[in-house]
Amino acid sequence: MSDLAGTLIPIVDLRRNQPRFRGLEAGHLACLGCGQALAARLVTEAAGPDVVVANATGCLEVFTTAWPQSAWRVPWLHSLFENAAAVASGMEAALKAQGKSAKVLAFGGDGGTFDIGFQALSGMLERGHNVLYVCFDNEAYMNTGVQRSSSTPHAAMTTTSPPGKARMGKRHLKKDIISIIAAHNIPYAATASVAYPSDIRKKVRRALEIDGPAFINIHSPCPLGWGHDGSLSIEVARLAVECGLFPVVELERGALTGTMPLRAPRPVTDYLKPQQRFAHLFQNDPRAREELEHLQALADYNIETYGLRGERPDPLDSAGADTVRRGGVRWA
Amino acid sequence: MAIYTRGGFALPETSLASKTGTWRLQRPIHRHSSAPCHTACPAGEDPQAYLAQVAEGRWREAWETLVAANPLPAITGRVCDHPCESGCNRGQYDEAIAIHNVERFLGDQAIREGWAYPVTPPSVNAHRVAVVGAGPAGLSAAYHLCRLGYQVTLLDMLPEAGGTLRTALPPYRLPREVLAQETQRLLAIGIEFLAHHALGRDVSLDELCADYGAVFLAPGRQQGREWSVDGRVPADLHTGLRLLQEWVAVGTIPKVKSAAIVGGGNSAVDLARVLRKTGAEVHVITHDALPKLGVPPEGAMKAIPREVKQAQEEGVMFHEHRGIQRLLLRGERVVGVEMVHMKKLPRPDGSIGIVPFEGTETVLHVEQIIPAIGQVVLAAGMERILEGSPFFAVDLWGHVANHPGVFAGGDARKGSRGTVSGAVGDGRRAALAIDGYLKGVATVEHHTEAIPLESLNLNYFEHEPRAEEPLLAVEQRSGDAEVAGGLVEPQVMAESLRCFSCGMCLACDNCWTLCPDQSVLKIKELASDGSHYVFDYDYCKGCGLCARECPSGYIVMEDELLFAGRY
Ligand SMILES: Cc1cc2nc3c(=O)[nH]c(=O)nc-3n(C[C@H](O)[C@H](O)[C@H](O)COP(=O)(O)OP(=O)(O)OC[C@H]3O[C@@H](n4cnc5c(N)ncnc54)[C@H](O)[C@@H]3O)c2cc1C
Ligand SMILES: Cc1ncc(C[n+]2csc(CCOP(=O)(O)OP(=O)(O)O)c2C)c(N)n1
Ligand code: SF4
Ligand code: SF4
Ligand code: SF4
Ligand SMILES: [Mg+2]
């Protein structure tokens, strides 16, 4: 059913004839406004049909494949929480042995990537497999009910890092995964955000052109786990970039080769305020103030370390990279 | 229906069996809202609509959209005070779209290309309507009546159509070829034009009422007002309008060394500029404020701000918040005026009065004093309708109370904005009302609120400077050469691409790109609502993300209960 009144095309045919490749179809069971569902849609669209996917356990795996259904339109395999990179390595070796050209993608959540799947990933990178590993970073173990991961930001509330007398949310810092990945001296490692679809597309294409292991970490808001309305997923993701807490960068062979400069850095509070997981930081409590200052300092540190402050407006900076035009023309 | 496979693998896209649309509490819908440029346009144009067509390179369709409301774009594109631009949402972001320049370009292009107005000539046995006065109000009414299928007779006491545009607007602002082309092309759609026909002299109102189904009166304001200072009038008094009309018609104006013009409207400013061209020292004295940022329109001079600015560039001296308290006469001859600071202030009874401030008197030595303080309707032939008042009292649709079948508008009506676009709008509304009157149905207004800037998502736009048209250098502003140069095609295109498309789909693909549920589908042909996108409510979960991220405010979320039973 749709508002196709006045046109004579059945909606099913319309869906089939969309002028873009659909890797991830409708009917999946993600929450309303799921950033990860969007990110996965964008990645598979850009990667094209000639791919195979190994997916770690996690929300993406669960909501796309409620047995006996699948939302995928590419060959897709799920094995375990901890081994997506190992499975992808095997797929790549097998395809190579068969002389096939399909590209291999590995998908994992931040839990499956930063934590439990990390050694498999490190091994895959070290062995130089020609695989693009994409981490959908929603900053906690969402599928099992919002437990903290090593990607959860400092001071965020999760069910295992509740704010209380002893702590204001998570005690530790968000792991600097991109530097660790880049330290494997791989040809391409990047971060991206669902708020910048063209940037994601560009990075996926770039990564797939490269022979050898590539890695992209995509910041993907989780309305349920972060505690914001589903309609705000893009807005929240954009603010994370604009305040400096989630730097968008590219590293090749360990060297910084690209950043998305910030047109006008926003205060971190703009980003934190709409999210329930940071609500305790807006209480009248000196500890809350200190944590807000700490997060601001972390953002400032990112801006400084990566040189994110743009000197002049740039068409591809944080304010320009999402510009739209009549007719849908985007830069990527 | 679930499909089970040997080995337990799932087939591609079998998730489509899960109709996640049932989760929805709110549904996104496309809703067109009026753009502020549209609600601000007195002529009723929808600039958003034609800017979109320009952006797609559909020039002729853009012109047709424009002239669906206003048949005189080459004229208004030059002389309108463009409230559309003051209303333009983009003005709050960087600079308003140069709408008047786009309008002018389209009007000129239609003349150049000879595009015919999209009007089918009325049938011979169609109802007949008479229109008195061939100024912008009468021309607009005649045109819209023609579009509605009526036979129109348009009469004017002057030899040619155009009204005040022809008799008083200086050619350096409105070149006469443009005026002639636009009016001739317009009359050619099948309007019967009777020149040299004065109501009250050649035909009476009763005769018109008897011979025609309805009459629209648009005589403008042709009668000067009485003017004196403390009961004294200089011997050689001419009103500003009369001097201007003479200059426009004959090309000469009595030479003086210095003059003071009283008034703050377009006549005052135009006359000041014309006198200035003769080398005179020219002062404009107005009790209003000079138009500048922060001055509310009610408190500012009525003249168009850009004209005031150009006059200042040319050396005209303005005295704002001033009035004339006394004429300095040598015999009957003016040698100067005594000015005093004045301000419009509320009186204790709530009315507005002009209060002079004692102790602020100054003397200005000038040879001539010219009142340009506005005109009233020349009542001849219309006395029985005017009943002694200076203007027609009409409603929004131009109905003259107690005179069924008689309509009035333009400058001649009470409360008129005194502008060309206002006159065009009056003519259009009166045509609709006459159509309703002749068909026996009431004409209703569709009042729409303009979509505010807050309803747009500005993250998706970039700052871009507005295209500026070239102006003649002050030294070159002599004779009839047009001062404002207009924009060229690439600039017009660039302006159209700057438009936010407030309240209407920008076809930007954002909803299609950002829906996590693949529930926005793109179509080649236009959907019923005029966009290129449809929602697939079988799967849309109603997250609201598309509505939030729609740059133009075209998607809104509605409570699903409103659609109960329709799913
Ligand atoms: C000097 C000057 C500069 C201006 N500049 C601007 C400007 O820059 N921008 C702007 O928007 N507006 C401007 N205006 C105002 C604008 O010209 C008027 O608002 C507009 O022309 C009004 O249109 P109208 O059709 O109501 O009347 P008019 O244009 O005055 O037309 C009335 C017509 O009716 C005819 N008529 C009158 N009585 C009779 C009768 N009894 N029988 C037959 N015919 C009759 C007249 O001959 C005339 O042709 C200016 C006005 C002046 C005087
Ligand atoms: C070895 C193992 N431990 C624990 C689990 C339970 N488990 C399934 S998904 C998940 C969390 C996934 O978190 P993340 O990788 O961040 O993905 P998300 O669900 O947040 O997208 C956990 C702990 C498991 N499936 N396997
Ligand atoms: S941006 Fe465009 S649609 Fe919006 S008010 Fe301005 S001209 Fe009109
Ligand atoms: S983004 Fe998609 S799922 Fe969400 S309301 Fe819009 S169409 Fe529906
Ligand atoms: S997001 Fe863009 S394409 Fe979609 S409805 Fe809004 S303006 Fe149109
Ligand atoms: Mg996670």
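The values are calculated or read from the model by the stated rules, or taken from the named source; none is laboratory data. Everything numeric here is computed off the predicted structure, so don't read it as measured data. Every residue, glycine among them, receives a Cβ derived from its backbone with ideal geometry; neighbour counts consider all protein chains shown. Only protein heavy atoms, including side chains, enter the accessible area calculation; ligands, DNA and RNA are left aside. Shrake-Rupley method; radii C 1.70, N 1.55, O 1.52, S 1.80 Å.
For the range B:419-515, please list each of the helices (runs of 4 or more DSSP H) lying entirely inside it that holds at least 3 residues being outside the structural domain of B:Gly21 (by TED's automatic domain parsing).
B:420-439, B:489-498
Of all the helices (runs of 4 or more DSSP H) wholly in the range B:21-113, which have at least 2 residues that are within 10 Å of ligand 3 (Cβ to nearest atom)? Don't jump to the end; show me each part of the working.
Working: elements: B:36-40, B:47-55, B:59-67, B:73-79, B:83-87, B:99-113.
Of the helices (runs of 4 or more DSSP H) lying wholly inside the range B:21-113, those with at least 2 residues that are within 10 Å of ligand 3 (Cβ to nearest atom) span B:36-40, B:47-55, B:83-87, B:99-113.
Select from the range B:82-113 the residues that are under 25 Å from B:Leu179 (Cα atoms) and either open to solvent by 50 Å² or more (accessible area, probe 1.4 Å) or at pLDDT below 95 (or both) and list them in ascending order.
B:Arg112, B:Glu113
So which of B:Val488, B:Val556, B:Val492, B:Val474 ends up being surrounded by fewer than 22 Cβ atoms within 10 Å (Cβ to Cβ), of a type outside the set (S, T, N, Q) and closer than 29 Å to B:Glu454 by Cβ? Spell out how you get there, then give the answer.
Details: B:Val488 fails: closer than 29 Å to B:Glu454 by Cβ; B:Val492 fails: surrounded by fewer than 22 Cβ atoms within 10 Å (Cβ to Cβ); B:Val474 fails: closer than 29 Å to B:Glu454 by Cβ.
Exactly one of B:Val488, B:Val556, B:Val492, B:Val474 is surrounded by fewer than 22 Cβ atoms within 10 Å (Cβ to Cβ), of a type outside the set (S, T, N, Q) and closer than 29 Å to B:Glu454 by Cβ, namely B:Val556.
Within the range B:3-20, is there a residue that is more than 12 Å from every other protein chain (Cβ to nearest Cβ) and within 50 Å of the chain's Cα centre (by Cα)? Even if it seems obvious, please write down each step before you answer.
Residues of the range B:3-20 more than 12 Å from every other protein chain (Cβ to nearest Cβ): none.
Checking the range B:3-20: not a single residue is more than 12 Å from every other protein chain (Cβ to nearest Cβ) and within 50 Å of the chain's Cα centre (by Cα).
Restricting attention to the range B:362-385, and to residues there that are over 30 Å from B:Gln325 (Cβ atoms), of a type outside the set (D, E, K, R) and surrounded by fewer than 20 Cβ atoms within 10 Å (Cβ to Cβ), which single residue is farthest from ligand 3 (Cβ to nearest atom)?
Among those residues, the one meeting the criterion is B:Ala380.
Residues in the range B:523-542 that are open to solvent by 20 Å² or more (accessible area, probe 1.4 Å) and more than 36 Å from the chain's Cα centre (by Cα): how many?
Residues in the range B:523-542 being open to solvent by 20 Å² or more (accessible area, probe 1.4 Å) and more than 36 Å from the chain's Cα centre (by Cα): 1 in total.
For residues that are open to solvent by 10 Å² or more (accessible area, probe 1.4 Å), more than 18 Å from A:Ala279 (Cα to Cα) and not aliphatic (A, V, I, L, M), tally how many sit in the range A:130-171.
6
Among the residues of the range B:386-422, count how many are crowded, with 18+ Cβ neighbours inside 10 Å and either in contact with a His (Cβ under 9 Å, 6 or more places away or on another chain) or over 30 Å from B:Gly77 (Cβ atoms) (or both).
Residues meeting the conditions: 7.
Please list, ordered by residue number, the strands (runs of 3 or more DSSP E) wholly in the range A:19-129 having 2 or more residues that are open to solvent by less than 30 Å² (accessible area, probe 1.4 Å).
It comes to A:51-55, A:103-109.
With (1) outside the structural domain of B:Gly553 (by TED's automatic domain parsing); (2) buried (at least 24 other Cβ atoms within 10 Å of the Cβ) as the list, and B:Arg58 as the residue in question, which single condition is left unmet?
Condition (2) is where B:Arg58 drops out.
Taking strands (runs of 3 or more DSSP E) that do not extend beyond the range B:284-361, which have at least 2 residues that are in contact (Cβ under 8 Å) with a residue 40 or more places away in the chain and open to solvent by less than 50 Å² (accessible area, probe 1.4 Å)?
Fully inside the range B:284-361 and qualifying: B:322-330, B:333-346.
Need pairs with beta-carbon distance below 6 Å; first residue among the charged types (D, E, K, R) and within the range B:99-115, second open to solvent by less than 20 Å² (accessible area, probe 1.4 Å); sequence gap 6+ or separate chains.
Sorted first by the residue in the range B:99-115, then by its partner, the pairs are B:Glu103/B:Pro73; B:Glu103/B:Gly77; B:Arg104/B:Gly77; B:Arg104/B:Gly486; B:Asp108/B:Ala74.
Could you tell me whether the range B:23-35 includes any residue that is away from ligand 5 (no atom under 16 Å from the Cβ) and either open to solvent by less than 10 Å² (accessible area, probe 1.4 Å) or at the interface with chain A (Cβ under 7 Å from one of its Cβ atoms) (or both)?
The answer is no, given that none of the residues of the range B:23-35 is away from ligand 5 (no atom under 16 Å from the Cβ) and either open to solvent by less than 10 Å² (accessible area, probe 1.4 Å) or at the interface with chain A (Cβ under 7 Å from one of its Cβ atoms) (or both).
Tell me which of these A:His219 doesn't satisfy, since it passes every other one: (1) in contact (Cβ under 8 Å) with a residue 60 or more places away in the chain; (2) open to solvent by 10 Å² or more (accessible area, probe 1.4 Å).
The one condition A:His219 does not meet is (2).
If I go through the range B:216-247 residue by residue, how many of them are small (Gly, Ala, Ser), open to solvent by 40 Å² or more (accessible area, probe 1.4 Å) and touching a residue at least 12 places away in the same chain (Cβ under 8 Å)? Even if it seems obvious, please write down each step before you answer.
Within the range B:216-247, the first condition is being small (Gly, Ala, Ser), and the residues that meet it are B:218, B:220, B:224, B:228, B:231, B:235, B:240.
Those left that are additionally open to solvent by 40 Å² or more (accessible area, probe 1.4 Å): B:228, B:231, B:235.
Still in the list and also touching a residue at least 12 places away in the same chain (Cβ under 8 Å): B:235.
The qualifying residues number 1.
B:Leu562 fails exactly one of the following numbered conditions: (1) more than 7 Å from every other protein chain (Cβ to nearest Cβ); (2) open to solvent by 10 Å² or more (accessible area, probe 1.4 Å); (3) closer than 30 Å to B:Trp59 by Cα; (4) aliphatic (A, V, I, L, M). What is the number of that condition?
Unmet condition: (3).
Would you check if there is a residue in the range A:95-108 being touching a Ser or Thr at 6+ places or on another chain (Cβ under 7 Å) and among the aromatic types (Phe, Trp, Tyr)?
No: the range A:95-108 contains no residue that is touching a Ser or Thr at 6+ places or on another chain (Cβ under 7 Å) and among the aromatic types (Phe, Trp, Tyr).
Going residue by residue through the range A:297-313, is there one that turns out to be within 13 Å of another protein chain (Cβ to nearest Cβ) and either surrounded by fewer than 17 Cβ atoms within 10 Å (Cβ to Cβ) or touching a Pro at 6+ places or on another chain (Cβ under 9 Å) (or both)?
Yes - at least one qualifying residue is present in the range A:297-313.
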